[in-house]
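Contents: one structure, followed by commentary.
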Amino acid sequence: MTGLAFALFYTVLGLPIARYSDRPTTDRGRLIAVALAVWSAMTALCGFAQNFVQLLLARVGVGVGVAVAGGGSVALGEERGVAVKVAGAAGHASGVPSAGSTRAAGCGESTRR
């Protein structure tokens, strides 16, 4: 995912959300569920945006949802005792979208000719 609005809020909120996720009193399952709901709703709102400001705000919401879901899922994995697999899963989760975007761009280019 690209764009300044997404990247800025993802970066700014990533650390505080991760810190909140690591607290022992945090219900990580509920946190992730709310994050996924926000992420999904904001992604849908991106499709309904009719001007730049609406799209900017929707992308900010997507960034917030992704930041919360990412930090919460890592904390939940560590809580459940799969800390050894967390690094591999996090690497996979961050690498697959880049590979998919690259492949999609290549497919789009090949159909253009």
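Against the definition (buried (at least 17 other Cβ atoms within 10 Å of the Cβ) and farther than 18 Å from Y10 by Cα), how does G77 come out, yes or no?
yes
Could you list, in sequence order, all residues of region 1-60 that are under 24 Å from L76 (Cα atoms) and among the small types (G, A, S)?
Within region 1-60, A7, G14, A18, S21, G29, A33, A35, A37, S40, A41 meet the criteria.
Restrict the check to region 44-66 and report whether at least one residue is in a helix (DSSP H, G or I) and modelled with pLDDT under 75.
No, there is no match, as no residue in region 44-66 is in a helix (DSSP H, G or I) and modelled with pLDDT under 75.
Test R23 against the stated conditions and say whether it is loosely packed, with under 11 Cβ neighbours inside 10 Å and modelled with pLDDT under 85.
Yes, satisfied.
Assuming P97 fulfils every condition listed in (1) assigned to a loop (DSSP other than H, G, I, E, B); (2) at pLDDT below 70 apart from one, which condition is it?
With (1) assigned to a loop (DSSP other than H, G, I, E, B); (2) at pLDDT below 70 applied to P97, the lone miss is (1).
Pairs only if they're at least six apart or on different chains, beta carbon under 9 angstrom, first in region 43-64 and under 16 Å from V12 (Cα atoms), second among the acidic types (D, E); list them, first residue then second.
Pairs that qualify, where the first residue is under 16 Å from V12 (Cα atoms) and the partner is among the acidic types (D, E): there are none.
The values are calculated or read from the model by the stated rules, or taken from the named source; none is laboratory data. Everything numeric in this text was worked out from a predicted model, so none of it was measured. Heads up, the Cβs are rebuilt from the backbone with ideal geometry, glycines too, and the neighbour counts pull from every protein chain shown.
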